[in-house]
Amino acid sequence: MASEQPILKLEDVHTYYGNIHALKGVSCAIPSGDIACLIGANGAGKSTTLLTIFGVQRAAEGKILYKGREIHHLRPEQVAALGVSQTPEGRQIFPRMTTLENLEMGAFLRGDKVAVAEDMEWVFSLFPVLQERTRQLGGTLSGGEQQMLAIGRALMSRPELLLLDEPSLGLAPKLVEKIFETILEISKSGVTIFLVEQNAHMALSISNTGYVMETGRIVLTDKASDLLQNEKVKKAYLGE
Amino acid sequence: MDTASFIIQQLINALFLGSIFALIALGYTMVYGIIELINFAHGELFTAGAFIGIIVLAALQKTGFVESHFVITLILVFGMAMAYVAVLGVAIEHVAYKPLRRASRLAAILSALGMSIFLSNGMMLSQGVSDRAYPSILGIEGFSILDARITYGQVFIIVLSLLLMVALQMFVNWTKLGKAMRATAQNQTMARMLGIDIDKTIRVTFMIGPALGAAAGVMVGLYYGSVRFDMGFIYMIKAFAAAILGGIGSIPGAVLGGMIIGGVEVLWSAFLPSEWKDVTTFVVLILVLYLRPSGILGEHVSETRV
Amino acid sequence: MPSSNVKKFIVYSLFMGILILPMVGLPSTGFEITRALLVWGVFVGILAFWLLGKSIRGSDAFQSAAGGLAPFRSRLFDNFTKVPTKIYLCLLLFALAAYPQVANNYMVDVGITCLIYVVLGLGLDIVVGLAGLLDLGYIAFYAVGAYTYSLLNLHFGLSFWSCLPIGIVLGAVCGCIIGYPTLRMRGDYLAIVTMGFGEIIRLVLNNWDKLTKGPNGLLGMAKPAIGYPSFAEGGVKWVSYSLKSLHSLYYLILLIAVLTVIGVGRLNNSRIGRAWIAIREDEVAAELSGVPTTWLKLLAYAMGAAFASVAGAFFASKLSYTNPNFFIFMESCIVLCIVVLGGVGSIPGIVLAGIVLIAVPEVSRELQNYRMLVFGLAMAVMMVLRPEGLIPATRHKRELHETEGETYGE
């Protein structure tokens, strides 16, 4: 795996919100098939990193490579077409569309109806609750259901790279466990996962690689299992 | 005329007027839903539709085509008017809205208003200041229910508007493009992240909305028998009131709002001095905005969206 | 010209053809093919000019040339801006004061109209420029002023000067009536509601036959008069002198316009002005900082309306006639164009735009016809290319460009 070129590579990426320098040179490389996680405090720039990868925020400097191809000048819809998908911060469910329609929107770029139907079955097998809610409007789902729907919708494009932003945010502990189990399951199907989390313990325990972010920079990169043992990380993010 | 026939008569009148307001209101609501801005040039698009209708109709009449192929004539008149206005709508979007998508709201409103002034005066200069008579091809034949008199023209217009509304509803709910439109309206950034080309979606919205307005324009011309360069103004305000009343952004809301405004106007004209009827629409509009700005069917849409 | 621009040129030209040819070429009078082709030609010409300009500006040669010229340009510009605005305004005032001495009656009449629109433009600028509220029914307040004076003068014989305060108060009250329900509304709702209000006032004037004589209008109001003490024939007597001549009316409206400029200028830099700006930029933040937003918004409407009302009273007394058709929606649009093209929030810009936009179309009948066509297009183009107006107010320039260049990018 190590010899292959990484599926996603960031080289010294800088992003600004107006005058605020949000990312100050982020570099990382995620191998194909990996689960990588990005942990850090609120406002460290984790979500901005994901939005920049997707072209929602524009990288002012630096390069973003997807399978060796530069994508930092692409618009979000073009990035999506390359096989990247995202469950953004706040889930961003379409509130006035049904669960089914939300999932269908995930497969917007795909023409093959049979394959889409198969993936729909797969998503329903991952999240059986969604099957009971197909006719319900997205806006009326509970927080946990919305999170599952957001992940399900992202899977409907059959992505090669899945960017997950805080999948555990605001969910009950039991549900968090369930979501993380599902993430592992998704990873097993061959999808590379880049996970942004505040729940550092959970995130590191399912990941292979971990990145620690502080005020717009990646300050620590290591194997996730090693990070779990790292004293600094323990103190700052694991609450030990 | 006894009470029952009177009620039927007024009901038909209200349905007729309401459908026209509803068609125009749909244009507002669709554009508003997707870019959160009012299309100020919508009244002029409606008028442009009426003018193209009369141009096509006059040409067909000269060749005697109207008598021999009545149905095809109607299809041609409505089709050409709607197609022309769809192109015009896209042009307006391209010139006045697209470059300002990230600018301040005031700038976008003013540029759209500028387009509206431009179009209205352009039509005045090219088509003349005075009323233009529409060829009366719908005729005055009809039938009676009790004592209420209903013309086939009225029936045709009501049926056509309902068909257009149903078609729109089907398009928006069942087709891929329609769903993309709804998704873009609800969350633009997310729609882009799912691969939806929002430029294209907005363009399509600016074709469909104005085209419906154009159909209403032709209907008004056919029924009232004349068009004028500035007739869009009053229809614009009333249809806007309808869109707000129903809840702007909501398609069924626009239809409901149109029917209510049509009903109020017909009722007013039936019992009270009709020169004041326009004032009532404004009063309704202002009351709705004051008491329930989100409208009857409108969701409480927050100002900012992620 | 790069190939992308050539493609753009062809596609845009074709679409323009589709849009222009049937509409212009087929009026009720028959075929007007030459006219349609001419109009199309004009638009294609403008398009070509624009695209050519764009590609030249984008070319390297131009960039380097412009780079070389930049110091010159900025020096020239500096020299212009170094002179305080007050001096320009004084020069302008002098020119305006001397104008009737060299102009014929018709030209003085046009001058009066220009100055009326300057007053209207500045009044609307309080609402749009300072408080950031859009008002498309502004002309209604002008009507209120005109009708207040006309009715009071005709029925009670009140003089212009005693009607002025009444008109101002009535105008302000109407401003509040319109302002109150619209306080919580956003820009575009506000636009349509004010448009509706403007129409209501016009319709009321039109339909209320008993009071306003409907579409026939009111006739025979007295001109404004000024009083002075006379010492002739022993003893002091108060003599009133009616301002019948165009010259004297011109100086009266000039005085009103100067007072308006001073008034709006002082408002701009006052505490209230700053509070308005705060509301315009971020209403929630302003409210949280203790700015009484509701009250101040009403005040903006009331003050804007008061200026329009004064202009209206003057207008009615000058003509000795008024009717509802003077106050159609298009008039509101003209005033708005003056504000927008001059530069939202910019007093010199609005003064200049008021004079230019009203005076230039008077040159010929042809120009009159095309006036609103050009204004409308100019307004749209201006918003896209130079939203701050011809003579921008410094504060606004920053603000209107602020949101550009973030995220996405095409």
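Given only helices, namely DSSP H runs of n ≥ 4 each adding -39500 (n - 2.57), what is the per-residue ellipticity at 222 nm of the protein assembly as shown, to the nearest 500 deg cm²/dmol? Write down the numbers at each step before the final one.
Values: 39 runs with 613 residues, N = 956.
Mean residue ellipticity, 222 nm, calculated: -21000 deg cm²/dmol.
Kindly rank C:331-344, B:44-57, C:366-379 from highest to lowest mean number of other beta carbons found within 10 Å of each residue.
On the way: C:331-344: 26.3, B:44-57: 28.2, C:366-379: 17.4.
Descending packing order for the listed peptides: B:44-57, C:331-344, C:366-379.
Taking other Cβ within 10 Å of each residue's Cβ, how do B:THR175, B:THR3 sort, fewest first?
Working: B:THR175 11, B:THR3 8.
Listed from fewest to most nearby Cβ atoms, that is B:THR3, B:THR175.
What is the order of A:HIS21, A:HIS72, fewest Cβ neighbours within 10 Å to most?
On the way: A:HIS21 15, A:HIS72 21.
In order of increasing Cβ crowding within 10 Å: A:HIS21, A:HIS72.
Through the Karplus equation 6.51 cos²θ - 1.76 cosθ + 1.60, θ set to phi - 60°, convert the phi angles of region C:281-295 into ³J(HN,Hα) values in whole Hz; use x for Gly and Pro.
For region C:281-295, the Karplus-derived couplings read 6, 7, 5, 4, 4, 4, 5, 5, 7, x, 6, x, 4, 4, 4 Hz, x marking Gly and Pro.
Give the long-range amide H neighbours of B:ILE296: residues separated by 5 or more places, or on another chain, with amide H under 5 Å away, using H modelled in the peptide plane at 1.01 Å from N.
Hits under the 5 Å cutoff: B:GLY246, B:GLY247.
Which whole-angstrom value gives the distance between the alpha carbon centres of region A:24-69 and region C:48-65?
Using only Cα atoms to place each centre, the spacing works out to 37 Å.
Starting with the fewest neighbours, write out C:LEU385, C:LEU254 ranked by other beta-carbon atoms found within 10 Å of each beta-carbon.
Values: C:LEU385 9, C:LEU254 19.
So the ranking, lowest neighbour count to highest, is C:LEU385, C:LEU254.
For region C:205-291, which chymotrypsin sites (Phe, Trp or Tyr not before Pro) are in a loop by DSSP, counting at most 12 other Cβ atoms within 10 Å? Mind dumping the intermediate values first?
Details: sites: C:TRP208, C:PHE231, C:TRP238, C:TYR241, C:TYR250, C:TYR251, C:TRP276; in loops: C:TRP208, C:PHE231.
Loop-located and lightly packed - C:PHE231.
Can you give the FRET efficiency to the nearest 0.05 for A:ALA29 and C:ARG274, using r as the Cβ-Cβ distance and R₀ = 60 Å? Please report the intermediate quantities before stating the final value.
Working: r = 52 Å, r/R0 = 0.87.
So, using R0 = 60 Å, E works out to roughly 0.70.
Would you mind checking which residues have amide H under 5 Å from A:ARG58's amide H? H placed 1.01 Å from N; only 5 or more apart, or other chain.
When sequence neighbours closer than 5 places are left aside, the close amide H contacts are C:THR407, C:TYR408.
How many angstrom separate the Cα center of region C:331-354 from the Cα center of region C:85-161?
13 Å
In whole Hz and in residue order, list the ³J(HN,Hα) couplings for region B:201-218 that follow from phi through the Karplus curve 6.51 cos²θ - 1.76 cosθ + 1.60, θ = phi - 60°; x for Gly and Pro.
Coupling constants for region B:201-218: 4, 5, 4, 4, 4, 6, 8, 6, x, x, 4, 5, x, 4, 4, 4, x, 5 Hz.
Distance between Cα centroids, region C:217-271 to region B:236-251: provide it in whole Å.
47 Å
Quick check: residue separation of A:LYS113 and A:SER225 times 0.36 nm, minus the Cα distance between them. What number comes out in nm?
Numbers: separation 112, 0.36 × 112 = 40.32 nm, distance 4.10 nm.
Residue separation times 0.36 nm, minus the Cα-Cα distance, leaves 36.2 nm.
Angle check, please: helix C:329-342 long axis (alpha carbons) against the longest principal axis of chain C (alpha carbons), in degrees 0 to 90, nearest 10.
Taking Cα atoms only, the helix is inclined about 60 degrees.
Which angle between 0 and 90 degrees, to the nearest 10, do you get for helix A:143-155 versus the longest principal axis of chain A when only C-alpha atoms count?
Helix A:143-155 sits at roughly 90 degrees to that axis.
Tell me which aspartates and glutamates have Cα within less than 13 Å of C:LYS244's Cα, excluding those fewer than 8 residues away on the same chain?
C:ASP109
Using Cα atoms only, what is the angle between the long axis of helix B:105-127 and the major principal axis of chain B, expressed in degrees (0 to 90) to the nearest 10?
30 degrees
How crowded by other chains is C:174-183, given as the mean number of beta carbons from other chains within 10 Å of each beta carbon? Write out the running numbers ahead of the final one.
Details: counts 0, 0, 0, 0, 1, 0, 1, 5, 3, 1.
The per-residue average across the peptide is 1.
Per residue of A:73-83, count partner chain C-beta atoms within 10 Å of its C-beta, then hand back the mean as an integer.
Working: counts 1, 0, 7, 12, 10, 3, 3, 6, 2, 1, 0.
Averaged over the peptide's residues, the number is 4.
How many Cβ atoms of partner chains, on average, are near each residue of B:223-234 if near means within 10 Å of its Cβ? Mind showing how you got there, number by number?
Working: counts 0, 0, 0, 0, 1, 0, 0, 3, 0, 0, 5, 2.
Mean partner shielding for this stretch: 1.
Run down the lysines and flag those whose C-alpha is under 27 Å from the C-alpha of C:LYS7, throwing out any fewer than 8 positions away in its chain.
Partners found: B:LYS98, B:LYS200, C:LYS54.
Using θ = phi - 60° and the Karplus form 6.51 cos²θ - 1.76 cosθ + 1.60, what ³J(HN,Hα) does each residue of region A:228-233 get, whole Hz, x for Gly and Pro?
Ordered by residue, 3J(HN,Hα) equals 4, 8, 4, 4, 4, 5 Hz.
Pairs of lysines 8 or more apart, or on different chains, with alpha carbons under 25 Å: count those in region A:1-156, would you?
Going through region A:1-156 pair by pair, I get 9.
Dipole of region C:86-402 (Lys/Arg Cβ +1, Asp/Glu Cβ -1, origin at the Cα centre): which of C:ILE126, C:SER309, C:ALA278 lies farthest to the positive side?
C:SER309
List the residues whose amide H sits under 5 Å from the amide H of A:LEU195, counting only those 5 or more places along or on another chain, with H placed 1.01 Å from N in the peptide plane.
Sorted by chain and number, the residues that satisfy this are A:ALA36, A:CYS37, A:LEU38, A:LEU164.
Quick note: the coordinates plus some simple rules give every number you see, no bench work behind them. Please read all numbers here as calculations on a predicted model, not as lab measurements. Using ideal geometry, Cβ is built from the backbone for each residue, glycine included, and neighbour counts are taken over all protein chains shown.
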